[in-house]
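The values are calculated or read from the model by the stated rules, or taken from the named source; none is laboratory data. Predicted model, so just to flag it, every value in this text is computed and none were measured. Cβ sites come from the backbone with ideal geometry, for glycine too, and all protein chains shown count toward neighbours.
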Amino acid sequence: MNISVLSGKGGTGKTTISTNLAIALSNQGYKTQYLDFDVEEPNGFIFLKPFVISGEKVYVQVPQVNEELCNNCGLCGESCNFNAIVALKDKVTIFEKLCHSCGVCTLVCPQKAISEKDREVGFIEKGSRVELSAIRGVLNIGEPMGIPILRKLKEYLKEEYINIIDSPPGSSCSVINSVEDSDYAILVTEPTSFGLHDLDIAANVVSKMNINFGVVINKSNENDSIIEEYCRNKNIDIIGKITFDRRIAQEYSKGKLLIGNDEIDRVFDTITSKIMEEV
Amino acid sequence: MKVCFSSSGKDLESVLDSHFGRCQYFIVYDTENDEYKTIDNEGQHSEHGAGIAAAQQVIKLDVDVIITGNLGPNSMELLKDSSAEIYRGSNTTISSNLESYKSKSLDKITEPRKPHFGLGNGNKHRGRS
């Protein structure tokens, strides 16, 4: 079972919800995995502090040109959709970070002068904390595309486990990739107009993808009605609320999990039951 | 000698476009016969790598001089191997920039700007929401 946690707006509490939910489920006896899909800025491990046992590097394929076979016809550059390979005068220049690894240049070269080589873009780490498995993807600094890491991360999803997918913020290509195989999505929001604005975007995304979803209001306060009214109008379930408490922010800033506090435990129990009903 | 300008319009009274990669037109002026031609910049349509498409186009036009505002690292990478000299023009008409070039009052561009410099001064994609 795949449960993704997304938000639209950054900073609403995706990681807070995903890490604590993963621990709560694991404590309840479910076989659970936490996966950090926010490969540009993975922060789940700060809270879970798993014992890392394995990892692997993630590579993409980029072209390399055998200058001796190349006759500078320029067909590779003309065929490239991404401006990643350019043949000018007597030299072929490759812009590796623009390359999408489609392989077209290798196919069109009439001299068969282009082959592919591996380029490292990031890595995956896997570990565990007691019974909970934790996996994260990390994109190397300076790399523009996280999708290759996400593809590799998806290989770690296990059917017989509950997979909690901590998604990137926003509603970009990376988010779509992260949530697309979900059985249920948790949309985390905050009771502000910014929160509402981006919640609407995220809700549209998961609706279009036909993914069943519910909302958690984090930092809940007297302004909740801004979210509640929206959810009422759109027939969206609010499956949990975490009341704003400065102490939560303080614990968060120390890298601590919230589970273990009675009130918090109750909130996550409710979220868990609601999800299990839906799936 | 062929002088290439990044331009926001189609004629010599148009204002110089400071963005090399994403300008609308290139105006190539020939000093030998005082004629010019206007070409659509292919780079402006690229989602990524606009500077690369623009530089490629300009190199193929075999120009001797390029007058523009800012270029990024990708176009610089391609242009450094060509024999074209690159100068920084100013926010006035093409003809005015041409006069400045002829009177040798323009500075050479030797270093690229940060990527995407012209689009919100390189800060457009920084940070999260």
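Going through (1) among the polar types (S, T, N, Q); (2) buried (at least 16 other Cβ atoms within 10 Å of the Cβ); (3) under 24 Å from the mean Cα position of the chain (by Cα); (4) over 17 Å from A:A185 (Cβ atoms) one by one, A:T272 falls short only on (4). Of everything in segment B:32-87, what is over 12 Å from the mean Cα position of the chain (by Cα), in a loop (DSSP other than H, G, I, E, B) and more than 14 Å from every other protein chain (Cβ to nearest Cβ)? Give them in sequence order. Result: B:E32, B:N33, B:D34, B:D64.
Within segment B:4-26, the presence of a residue that is in contact with a strand residue (DSSP E or B) (Cβ under 6 Å, 6 or more places away or on another chain), of a type in the set (K, R) and under 21 Å from A:L88 (Cα atoms) is excluded.
Step by step: first the residues of segment B:115-129, then only those that are within 18 Å of the chain's Cα centre (by Cα) and modelled with pLDDT under 60, then the one that is nearest to the other protein chains (Cβ to nearest Cβ). Which residue is that? Top of the filtered list is B:G122. Could you identify the single residue in B:D107, B:D64, B:D30 that is of a type in the set (D, E, K, R), in contact (Cβ under 8 Å) with a residue 24 or more places away in the chain and over 18 Å from B:S14 (Cα atoms)? One residue alone meets the criteria, B:D64. Listed by position, the strands (runs of 3 or more DSSP E) enclosed by segment A:34-115 that each have at least 3 residues that are of a type outside the set (K, R), in contact with an Asp or Glu (Cβ under 7 Å, 6 or more places away or on another chain) and touching a residue at least 40 places away in the same chain (Cβ under 8 Å) are A:51-65.
If you scan segment A:173-231, which residues turn out to be within 15 Å of the chain's Cα centre (by Cα) and either assigned to a loop (DSSP other than H, G, I, E, B) or at positive phi (or both)?
Within segment A:173-231, the first condition is being within 15 Å of the chain's Cα centre (by Cα), and the residues that meet it are A:173-182, A:184-188, A:202, A:205-206.
Those that are within 15 Å of the chain's Cα centre (by Cα) and either assigned to a loop (DSSP other than H, G, I, E, B) or at positive phi (or both): A:E180, A:D181, A:S182.
Among the residues of segment B:104-114, are any in contact with a Lys or Arg (Cβ under 7 Å, 6 or more places away or on another chain), within 14 Å of chain A (Cβ to nearest Cβ) and buried (at least 19 other Cβ atoms within 10 Å of the Cβ)?
Of the residues in segment B:104-114, the ones in contact with a Lys or Arg (Cβ under 7 Å, 6 or more places away or on another chain) are B:106-107, B:109.
With within 14 Å of chain A (Cβ to nearest Cβ) added as a condition, the list becomes none.
No, every residue in segment B:104-114 fails to be in contact with a Lys or Arg (Cβ under 7 Å, 6 or more places away or on another chain), within 14 Å of chain A (Cβ to nearest Cβ) and buried (at least 19 other Cβ atoms within 10 Å of the Cβ).
Looking across segment A:233-251, the residues that are part of a helix (DSSP H, G or I) and under 16 Å from A:E190 (Cα atoms) come down to A:R246, A:I248, A:A249. Scanning segment A:1-60 for residues that are more than 21 Å from A:I124 (Cβ to Cβ) and within 14 Å of another protein chain (Cβ to nearest Cβ) turns up A:S7, A:G8, A:K9, A:G10, A:G11, A:T12, A:G13. Of the set (1) over 25 Å from A:S26 (Cα atoms); (2) more than 14 Å from chain B (Cβ to nearest Cβ); (3) not β-branched (V, I, T), all apply to A:G137 but (1). Among the conditions (1) of a type in the set (A, V, I, L, M); (2) surrounded by fewer than 24 Cβ atoms within 10 Å (Cβ to Cβ); (3) under 24 Å from A:P144 (Cβ atoms), B:I52 misses just one, which is (2).
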